Structures are given as structure tokens and as C-alpha cells.
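Have a look at the structure below before the remarks.
The values are calculated or read from the model by the stated rules, or taken from the named source; none is laboratory data. Bear in mind that the values here come from a model prediction, so they are computed numbers and not experimental data. When we count neighbours, we look across all protein chains shown, and the Cβ atoms used for this are built from the backbone with ideal geometry, even at glycine. These area figures cover heavy atoms from the full protein model, side chains too; ligands, DNA and RNA do not enter into them. Shrake-Rupley method; radii C 1.70, N 1.55, O 1.52, S 1.80 Å.
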Amino acid sequence: MSQSSFNFEAGEVLLLDKPLTWTSFDVVRKVKNTLRIRKIGHAGTLDPLATGLLILCTGKKTKQIDQIQAQEKEYTGTFRLGQTTPSFDLETPVDAEASYEHLTEAEIQAAVQSFVGLINQTPPLFSAVKVNGERAYELARRGDSAEIKSKQIDIKVFELTRIALPEIDFRVVCSKGTYIRSLARDLGVALGCGAHLTKLVRTRIGEYRLADALTIEAIQALAPPREPRPEIPDRATNPNQRPPRRRIQAYVAPPDSLAAPSNPSEQLGETSGDAAL
């Protein structure tokens, strides 16, 4: 695959595997600078501690961002039972613990199935939701509180792929606007032991799949070659270059020197070579 395979200015839909700890904006900025694209945006934010499919649209394809964001999404990951954090994930430290050892697999599965379908969910305070024109995570990091309204979402699939308490692995297929961190919190509340998200991978958005995504390293390989800097010609090989001007410092006699000079050359204003320099 080469850069000639793409026309970024006309418009492309790029599938990327977002690295861990990168923000979605970090990826957009990196790709924009690497490929020197004038117009680019992403179709659906991923948290810094999440990895997986991030879709970037360039050029005229940016008009499709809202359409892509509206499609259903698929995630896999891990919840940790028995502990809670303010951010509902590993961004903040554990703030409470509770016993989980008494839970049976049947009880956990029943709680999971209670979240399938249309449900009301409250986004985390550590999120990009706007509260009075300000991002909620900005308020949270300042230690301020805010009331965030719940909204209806659709959990189409919520299944457990591994139970190894205190960890449970899951797969979720959901509608736009679903916060998997909030799902971890709500499941922990339903089980009476608390829970938080420890791993999250977005594997699909609509028909776009993580298996077809490029890594950041692959994107860097598409970078166009940079034009070499013009060489500064050597003065010895450039006869048209003017030589530097010499700075001349005039000799000024001391104010108390009133006697006539004994050297006739001094009467003509001549000085020694050292004084002239």
C-alpha cells in the first residue's frame, strides 16, 4: 500500500487502530501532520485507555462523519468486580471495595441480561458530555460536581465470554452514545459489589471492522517525501556574492593631548594598523 492509493484531499475514510493512552485528537493531529492533510476529523471518540477502531474522514468524506457515528458499535473488554473508581475505569484510583466472592455465575448472567434492550444510562462525569457549555471531564478534573442527564440507549448484545472472578470479559453491541464505563458501573450496582472497566477494545462501527484498520506505523509509512532544503552556496564558488564589509573604528586622541605630534605622519591623521582595526 502506498500513498498513491489514496486521495486524501478528495476524501478518504481511514480505519485506524488507536494506540493505548492516545486521545482521539492525538490520532487526528498525528495523521494530519504526517500526511499533510488540510481537512480531517474522526467519527466517534475513544477514551485514552481504550484501543481499537477509530475512523478518520478526510476531505469531502468529512461530510459522512455524522452518518458513520450513528451506526451501531461493537466492543470487547474486561470488567473488574468488587472495586469502583470515580471515572469508572483505570484513569482514577480505586475509591471503594466490596465483597464479590459470594456471587454465582447464574447471578452474574442474570444481571447482565437485565441490561439488554432499551435502557436509560447516565454518562460518566469523566466524559466529553457538555454541561453548561463545558466538557464534563474538565469539571471532574477540577473536582467540581455536575448533574448529567440520563439518555436512552440500545444494548443489542451483552454477553460474557469469560468469568474468572473478580474479572469478567464481555462483548457488547450497542447504539450510538453508549458508555461502556457506565455499563460497568451499573452492572456493579446491580450485583451489589461495584465494578469498573479495566480494558476496552472497539472492534466494529457499522460494517467497518478493526481487522481492516491500519496502525499508526503504517500511516507513517504513507507520509509523502519532504522536499530537500535549498543549499546555501559557498562564497568561494559564488563570485556574485559580495564580501562582508569590514567594520572600521576611528582613532580618537585623548582630550588632554594638546601637544603637537612629534611624528609628521600623525599630522596627516594616519594611524597604525592595529588602531585602525
How long is the gain from Glu207 to Lys156 if the chain were fully straight, where each residue apart is worth 0.36 nm and the alpha carbon distance is subtracted? 16.8 nm
Subset of Lys32/Lys60; Lys32/Lys73; Lys130/Lys199; Lys63/Lys149; Lys149/Lys176; Lys73/Lys176 violating a 19 Å alpha-carbon distance limit: Lys32/Lys73; Lys130/Lys199; Lys63/Lys149
Expressed as a percent, the accessible surface of the range 169-211 that is carbon or sulfur, using a 1.4 Å probe and the full set of protein chains, is 52
Where Rh denotes the Kirkwood radius from the mean inverse Cα pair distance, what is Rg over Rh for the range 158-203? 0.94
Rounded to two decimals, what ratio of Rg to Rh does the range 1-153 give with C-alpha atoms and a Kirkwood Rh? 1.03
What is the distance, in nm, between label points placed 7 Å from the Cα along the Cα-to-Cβ direction at Arg38 and at Glu147? 4.7
Across the Cα atoms of the range 27-66, what radius of gyration and what greatest pairwise Cα-Cα distance (Dmax) are found, in Å? 10.5, 30
Distance in nm between pseudo-label sites at Ser175 and Glu134 (7 Å out along the Cβ direction from Cα): 3.1
Evaluated at q = 0.15, 0.17, 0.22 Å⁻¹: base-10 log I(q)/I(0), Debye formula over Cα of the range 44-105: -0.69, -0.78, -0.99
How much FRET efficiency would the formula 1/(1 + (r/R0)^6) give for Ala10 and Gln113, where r is the Cβ-Cβ distance and R0 is 35 Å, rounded to 0.05? 0.15
